[in-house]
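Everything below concerns the one structure shown next.
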Amino acid sequence: MDYILNKLNTEQKAAVIQTEGPVIILAGAGSGKTRVLVYRVLYLVLEQKISPTNLLMITFTNKAAGEMIERILKAFAERKISGQPTAGTFHSICAKILRWEGRQIGIPINFQIFDVQDQVETMKEALVSLDLSPKEVKPKAVLQTISQAKNQMIDHKMYLSFAHGYFQEIVAKVYPVYQDALQDHNALDFDDLLLKTIELFKKNPETLSKYQDKFKYVLVDEYQDTNEAQYQLTKLLGGKTRNLCIVGDFSQSIYSFRGADFRNLEKFKKDFPEAKVFPLSQNYRSTQKILDAAYAVISNNTLHPILSLWTENKGGQDIVIFSAESEHNEAEFIIQQIFEEMHKNNKLNFSDFAVLYRTNAQSRAIEETFLHNSIPYILVGGTRFYERREVKDVLAYLAFIANPKNKVAFKRLNKIGKKRFNLFLQYLEEFKQKNYIEEKNTIEIMDEVLSRTSYLALFDEKDPEDKGRIENIKELRSVAIEFPNLTQFLENVALVEQENSPTPLKASMPDRVSKEKVDAITLMTMHAAKGLEFRIVFIVGMEEGLFPHSQSMLDAGELEEERRLCYVGITRAKEKLYLTFAKRRLYFGQIVSNSVSRFIYELPEEVLKKNYIERYADEPSYL
């Protein structure tokens, strides 16, 4: 046990050894929550002699789950311990449960998970069947509303009583038709994975009891980001043994637009009144000045508890405030400061810097200036891998093989070309007759489809763009090698695409930076930066209307979420933080002159670099 406990501070140790009963771990930014979760599992197995197979770890990304399991299995291997905990996202765990048990509520074992585009195509069908034009009633808007309803566990029957106004009345009509269409396609959407699992457990108490007995200890990460459905699922799984450990931080709840509700932490206290609370307040990432700045901003929120973070890294560099004349001057200042910082410290690389902003549109001026000055950068965003045309085409072939009732895949394959589709149907007939789906692995099936349909002939290798498309297909083959079972391959693709987005229907939560280390400055939104850290951080566009965003300034709850987002941005910085604003900015085709962000005025003077502070005779009206 010394191996485990000696590596923890006092707060972390207390959270690890309290294994029985409900536990709330309030984990401040950079406080080592991943270490606590991993060591809690090790403590349960090594000290409490709990079988690893009796542990369930729920995270919000498969990447996080994979990293934790990797660390756990390494420790197990050193001690020759067999077995491993079940770990994954809410969606991936529910998908597995429904594969095993879904037939109890009429879900076939070969159901498919529809991704965003599949959902859009299905919604278009539903609209047309009701004589509604997809051009007039936007499918994504309807899907977004249905997704929000499902997150709150409101089915199509209940939604009728909630619908008010023209648009919601349309949604009320489309909702049941969309659900029927999913059933006809032998498919579920992402929200259904949770709802159907909850339905399964409520209708079949013996099945729920089976999983409660299997998962005697449940650990849930990022609990402040859970929605109502995720809350109810957690409550069901941990309701028998009550050995439920949740980890979260109110101050980092920034995803309300996808249904996340930080109040679930308070609700948990009411449902589990015997829960013991363990705050993790020691920060291992940032300097004390950065932490003081973050606390000064977030302490203006009143709707949730605030952790005051401290670090042994006392003092630190002053926070710099820069008043730019324009967005181009702002970008030029960033470049100037980067070169000055690198000149002062030759151990700094471009990859040690990040530029964060509230909206993706703000990257344009920064990109142009970086390009003009030959500054290497990574724009974390763009078209995601599984949304690229050629990838979607190949996936449609495979999805149709796995489920010939998939009408969305059928329509896509028709659009590729009649000749190729007929060649594919010939192959499919042979495939079914010989029952190859049980014998051949994913890579064999994929290669045969590409060969028989001559799909790659659509592209010219001499054309750089076409060459890139061929390379994307080759990369898809890499995924196929990792998942030889076709159903598992398709399920993995759907789940990975989902977790790359904050919501199935919001445009592009940016891709994470490639695993391969690139020496370039990172440009990204503050939403995308959550969970990351950089030595030096610039937060740009610190102006009223930009940050806090204009759409959030008239609602107290939304304004507090903007402040939490600012807290997240500030706490990404390890050593130094720059905050910039522009007196005039060309934004969405208009020149605007906004006031300085209230978040800057909330900073204490003792953390600021004095010669950069610009004071105004008139205090802004919002103070």
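The values are calculated or read from the model by the stated rules, or taken from the named source; none is laboratory data. Predicted, not measured: the structure shown is a model, and the values here were computed from it. Backbone-built Cβ (ideal geometry, glycine too); neighbour counts: all protein chains shown. What goes into the accessible areas is simple: the full protein's heavy atoms, side chains included, and nothing from ligands, DNA or RNA. Shrake-Rupley method; radii C 1.70, N 1.55, O 1.52, S 1.80 Å.
With the condition kept exactly as written, say whether any residue in segment 338-345 is open to solvent by 10 Å² or more (accessible area, probe 1.4 Å), touching a residue at least 40 places away in the same chain (Cβ under 8 Å) and within 31 Å of the chain's Cα centre (by Cα). Among the residues of segment 338-345, not one is open to solvent by 10 Å² or more (accessible area, probe 1.4 Å), touching a residue at least 40 places away in the same chain (Cβ under 8 Å) and within 31 Å of the chain's Cα centre (by Cα), which makes the answer no. Give the residue that is farthest from Gln148 (Cα to Cα), with candidates limited to residues of segment 482-503 that are open to solvent by 20 Å² or more (accessible area, probe 1.4 Å) and modelled with pLDDT of 85 or more. Only one residue tops the list, namely Pro484. For segment 34-57, residues that are open to solvent by less than 10 Å² (accessible area, probe 1.4 Å) and in a loop (DSSP other than H, G, I, E, B) total 0. Yes or no: Leu577 hydrophobic (A, V, I, L, M, F, W, C), in contact (Cβ under 8 Å) with a residue 40 or more places away in the chain, assigned to a strand (DSSP E or B) and open to solvent by 10 Å² or more (accessible area, probe 1.4 Å)? No. Of the residues making up segment 396-418, one or more are open to solvent by less than 60 Å² (accessible area, probe 1.4 Å), free of Cβ contacts under 8 Å to residues at least 12 places away in the same chain and over 30 Å from Thr571 (Cα atoms).
The rows are residues; the columns are (1) modelled with pLDDT under 95; (2) surrounded by fewer than 22 Cβ atoms within 10 Å (Cβ to Cβ); (3) out of contact with any Asp or Glu (no Cβ under 8 Å at 6 or more places or on another chain); (4) among the hydroxyl-bearing types (Ser, Thr, Tyr).
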{"site": "Leu160", "(1), (2), (3), (4)": "yes, yes, yes, no"}
{"site": "Asn186", "(1), (2), (3), (4)": "yes, yes, yes, no"}
{"site": "Gln212", "(1), (2), (3), (4)": "no, yes, yes, no"}
{"site": "Leu219", "(1), (2), (3), (4)": "no, no, yes, no"}
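Pull up segment 1-27, narrow it to residues that are among the charged types (D, E, K, R) and open to solvent by 70 Å² or more (accessible area, probe 1.4 Å), then point me to the one that is modelled with the lowest pLDDT.
Among them, the one singled out is Asp2.
Just a yes or no: is a residue in segment 67-82 surrounded by fewer than 17 Cβ atoms within 10 Å (Cβ to Cβ), in contact (Cβ under 8 Å) with a residue 60 or more places away in the chain and among the basic types (Lys, Arg)? No, because not a single residue in segment 67-82 is surrounded by fewer than 17 Cβ atoms within 10 Å (Cβ to Cβ), in contact (Cβ under 8 Å) with a residue 60 or more places away in the chain and among the basic types (Lys, Arg).
Could you list, in sequence order, all residues of segment 346-359 that are surrounded by fewer than 17 Cβ atoms within 10 Å (Cβ to Cβ) and either of a type in the set (S, T, N, Q) or touching a Cys at 6+ places or on another chain (Cβ under 8 Å) (or both)?
Hits for segment 346-359 are Asn346, Asn349, Thr359.
Within segment 385-468, which helices (runs of 4 or more DSSP H) (wholly inside it) include 1 or more residues that are over 22 Å from Gln117 (Cα atoms) and among the charged types (D, E, K, R)? Because the criterion is at least 1 residues that are over 22 Å from Gln117 (Cα atoms) and among the charged types (D, E, K, R), the helices (runs of 4 or more DSSP H) in segment 385-468 that meet it are 418-433, 442-453.
Taking the criterion of being within 22 Å of Thr302 (Cα to Cα), of a type outside the set (Gly, Ala, Ser) and either in contact (Cβ under 8 Å) with a residue 60 or more places away in the chain or open to solvent by 30 Å² or more (accessible area, probe 1.4 Å) (or both), the residues of segment 263-288 that qualify are Arg263, Leu265, Glu266, Lys267, Phe268, Lys269, Lys270, Val277, Phe278, Pro279, Leu280. Residues in segment 540-557 that are in a loop (DSSP other than H, G, I, E, B) and surrounded by fewer than 22 Cβ atoms within 10 Å (Cβ to Cβ): Glu544, Met553, Leu554, Asp555. Taking the stated definitions as given, is Glu136 of a type in the set (D, E, K, R), assigned to a loop (DSSP other than H, G, I, E, B) and either open to solvent by 40 Å² or more (accessible area, probe 1.4 Å) or out of contact with any Lys or Arg (no Cβ under 9 Å at 6 or more places or on another chain) (or both)? Spelling it out, Glu136 is indeed of a type in the set (D, E, K, R), assigned to a loop (DSSP other than H, G, I, E, B) and either open to solvent by 40 Å² or more (accessible area, probe 1.4 Å) or out of contact with any Lys or Arg (no Cβ under 9 Å at 6 or more places or on another chain) (or both).
Within segment 4-19, identify whether any single residue is in a strand (DSSP E or B) and within 23 Å of Glu266 (Cβ to Cβ), and answer yes or no. The answer is no, given that none of the residues of segment 4-19 is in a strand (DSSP E or B) and within 23 Å of Glu266 (Cβ to Cβ).
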